[in-house]
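Worksheet for the structure shown next.
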Amino acid sequence: MAQGKSKYSKYIVTELKTEMSPESVARYAQFATRILWMDDKVVPGAFQMNCSWYFRPPAKPMGEGHRHNVPEIIGFFGSDYKNPYDLGAEIEFWLEDEKFILTRTCMIFVPAGMKHCPLILHRVDRPVFHFSTVTSGKYEILH
């Protein structure tokens with residue numbers, strides 16, 4: 001069945017819909033292409049997830065250390081289908097006070113309340129597919 005005004009078409013998202021400020025969108029577009037975003041505002045009842053392609057390091061590190069009141073899963077995937085575990089990049093990622101240098105495709109589980117980030121792209125040789133998802137209907141940072 002074609003997407004349209006069917007009973008369940010509201011569950012299929014094929015274009016980017018977010019409430020990010022134009023400044024935030026422009027800053028992000030300098031190093032990445034956000035593909036899709038889903039949360040409770042885009043699809044009522046959905047948990048939050050976003051997907052992007054990183055294509056170069058940003059001028060500044062992304063996101064200071066923060067926490068969420070729900071678990072999060074963060075993924076980084078290399079784009080070489082013949083060697084999918086080679087990330088083709090070097091990413092610095094922090095969990096609490098421990099620094100990790102990521103060079104392989106991975107998923108990271110961040111328990112509720114665990115401090116994580118900053119996320120620093122040191123090198124991007126090939127595009128990296130990135131996603132993050134939290135189990136609540138919106139992406140909220142605890143201060």
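Here Cys117 fulfils each of the conditions (1) modelled with pLDDT under 95; (2) in a loop (DSSP other than H, G, I, E, B) apart from (2).
Please determine whether any residue of segment 99-108 is touching a Lys or Arg at 6+ places or on another chain (Cβ under 8 Å) and either in contact (Cβ under 8 Å) with a residue 12 or more places away in the chain or acidic (Asp, Glu) (or both). No, the conditions are met nowhere in segment 99-108. Specify the residue that is surrounded by the fewest Cβ atoms within 10 Å (Cβ to Cβ); the eligible residues are those in segment 22-78 that are among the basic types (Lys, Arg) and closer than 14 Å to Ser132 by Cα. Going through the qualifying residues, I end up with Arg34. Among the conditions (1) closer than 29 Å to Glu96 by Cβ; (2) free of Cβ contacts under 8 Å to residues at least 60 places away in the same chain, the only one that Ala29 does not satisfy is (1). Annotation note: of Ala89, Ala26, the sole residue that is on the phi < 0 side of the Ramachandran plot, assigned to a helix (DSSP H, G or I) and not basic (Lys, Arg) is Ala26.
I'd like to know if segment 32-39 contains one or more residues that are assigned to a loop (DSSP other than H, G, I, E, B), in contact (Cβ under 8 Å) with a residue 60 or more places away in the chain and farther than 30 Å from Thr103 by Cβ.
yes
Just wondering, is there one or more residues in segment 51-60 that are in contact (Cβ under 8 Å) with a residue 24 or more places away in the chain, among the polar types (S, T, N, Q) and outside any loop (DSSP other than H, G, I, E, B)? Yes, segment 51-60 contains a residue that is in contact (Cβ under 8 Å) with a residue 24 or more places away in the chain, among the polar types (S, T, N, Q) and outside any loop (DSSP other than H, G, I, E, B).
So that you can scan it fast, the table gives a plain yes or no per residue for (1) over 20 Å from Met20 (Cα atoms); (2) surrounded by fewer than 18 Cβ atoms within 10 Å (Cβ to Cβ); (3) of a type in the set (Asp, Glu); (4) under 16 Å from the mean Cα position of the chain (by Cα):
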position: Glu92; (1), (2), (3), (4): yes, yes, yes, yes
position: Glu96; (1), (2), (3), (4): yes, yes, yes, no
position: Met107; (1), (2), (3), (4): yes, yes, no, yes
position: His116; (1), (2), (3), (4): yes, no, no, yes
position: Ile120; (1), (2), (3), (4): yes, no, no, yes
position: Pro127; (1), (2), (3), (4): yes, no, no, yes
position: Lys138; (1), (2), (3), (4): no, yes, no, yes
position: Leu142; (1), (2), (3), (4): no, yes, no, no
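Results for (1) among the hydrophobic types (A, V, I, L, M, F, W, C); (2) closer than 28 Å to Gly137 by Cβ, shown as yes or no for each residue.
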site: Leu36; (1), (2): yes, yes
site: Asp40; (1), (2): no, yes
site: Glu90; (1), (2): no, no
site: Lys99; (1), (2): no, no
site: Pro111; (1), (2): no, yes
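In segment 116-143, the residues that are among the basic types (Lys, Arg) reach residues that are outside any strand (DSSP E or B) and modelled with pLDDT of 95 or more with C-beta atoms within less than 6 angstrom, at least six apart or across chains, in these pairs: Arg126/Ser79.
Considering (1) outside any strand (DSSP E or B); (2) in contact (Cβ under 8 Å) with a residue 60 or more places away in the chain, the lone condition that Pro84 does not fulfil carries the number (2).
The values are calculated or read from the model by the stated rules, or taken from the named source; none is laboratory data. Everything numeric here is computed off the predicted structure, so don't read it as measured data. Using ideal geometry, Cβ is built from the backbone for each residue, glycine included, and neighbour counts are taken over all protein chains shown.
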